[in-house]
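Right, one structure below, let's go through it.
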Amino acid sequence: MIVDDGVVVAAWGDVTRKFKCHSMRKSLLSALIGVHVDAGNIDLSKTMKELGIDDYEPSLTLAEKQATVGDLIKARSGIYHEALGENRMMKDMRPARHSHAPGTFWYYNNWDFNALGTIFEQETNTTIFAEFDRRLAQPLQMEDFKVSDCRYVSSNDVGKPFLSQHNYYNFRMSARDLARFGLLLLREGRWQERQIISVEWVRESTASYSQRGIDGGYGYMWWIANSDYQGIPSGAYAASGYGGHTLEILPDLNTVIVFRANTDAIGFQPIQNQDGLVLRVLEAMNR
């Protein structure tokens, strides 16, 4: 689905069908956290110790508990406890416990992302999916989103009752609803006459705080293009999930692109090189 200057210029496949968002969930939560940072309910400077955040044995050390909410949202916590939703590569690449101090090292860390869900619900006295519905889905007039489609996965659900205290949360959404969310970010948090997320949060959360190599950086649970790379313009940012699920926001082109993949299918094979798909779309638009 391609939205150019607020207009759907191309769409194919069933854009109403809902799929798991996989790791796109993190960018959705980032926006929701921003609403509550703006409201004063969440403080990015608070530490795990101050918030009473811990985990099953081996529990967090005093040093690990110095990690802040801001460290977690940047994936720089230095907390390398086991986490729900890790694939084999994430487990293999996870640094050793206590190998990096909080705030000093970027690692794509499901512990950080899951613990942020716990912190969000603790600090706001809400639930992630109901609050997403109230704060974002309803104001954006999303057509397909339902709280009942979304799921938490606990350690008990995967048969490992003491793996982690922090649940894996997963949204299930359609391409056209994700396009509305992307358009909200493209418009710096404004929808019609209402400022739903502050301009400051949109800019802060989509800035880069970690260099991941030649292909870009990482913001507040957003993938960031730091410079033009393989045709993706600088300033673009994306939510990305297993299998090819992508929400690409291209401010310089005033464009939002959504890719979905049928990760529900038995024997599904992940789509490779999402950036290459985006590049082909951009080339077609330029023609």
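The values are calculated or read from the model by the stated rules, or taken from the named source; none is laboratory data. Source: prediction; values computed, not measured. Every residue, glycine among them, receives a Cβ derived from its backbone with ideal geometry; neighbour counts consider all protein chains shown. Just the protein is used for accessible areas: all its heavy atoms, side chains included, with ligands, DNA and RNA removed. Shrake-Rupley method; radii C 1.70, N 1.55, O 1.52, S 1.80 Å.
Values computed for the structure shown
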| item | result |
| --- | --- |
| Descending Cα extents along the principal axes, the chain, whole Å | 56, 38, 37 |
| Listed peptides 51-62, 183-194 by packing density, highest first (mean Cβ within 10 Å) | 183-194, 51-62 |
| Inter-centroid distance (Cα atoms) of the stretch 68-93 relative to the stretch 164-239, Å | 19 |
| Those aspartates and glutamates that a straight Cα-Cα span of less than 15 Å connects to LYS20, excepting residues fewer than 8 apart in one chain | ASP144, ASP149, ASP177, ASP264 |
| Largest to smallest accessible area among ASP177, ASP43, ASP157 [probe 1.4 Å] | ASP157, ASP43, ASP177 |
| Ranked packing of 31-37, 126-132, most packed first, by mean Cβ within 10 Å | 31-37, 126-132 |
| SER99 versus SER234: modelled label distance in nm, points set 7 Å from Cα along the beta carbon direction | 3.3 |
| Spin-label model distance (nm) - ARG190 vs ASN262, 7 Å beyond Cα toward Cβ | 4.1 |
| Derived scalar couplings ³J(HN,Hα) [the stretch 19-26; Karplus, 6.51 cos²θ - 1.76 cosθ + 1.60; whole Hz; x for Gly, Pro] | 10, 4, 7, 6, 6, 4, 3, 5 |
| Gaussian network model of the chain, Cα within-10 Å springs - most flexible of ILE224, ILE266, ILE197 | ILE266 |
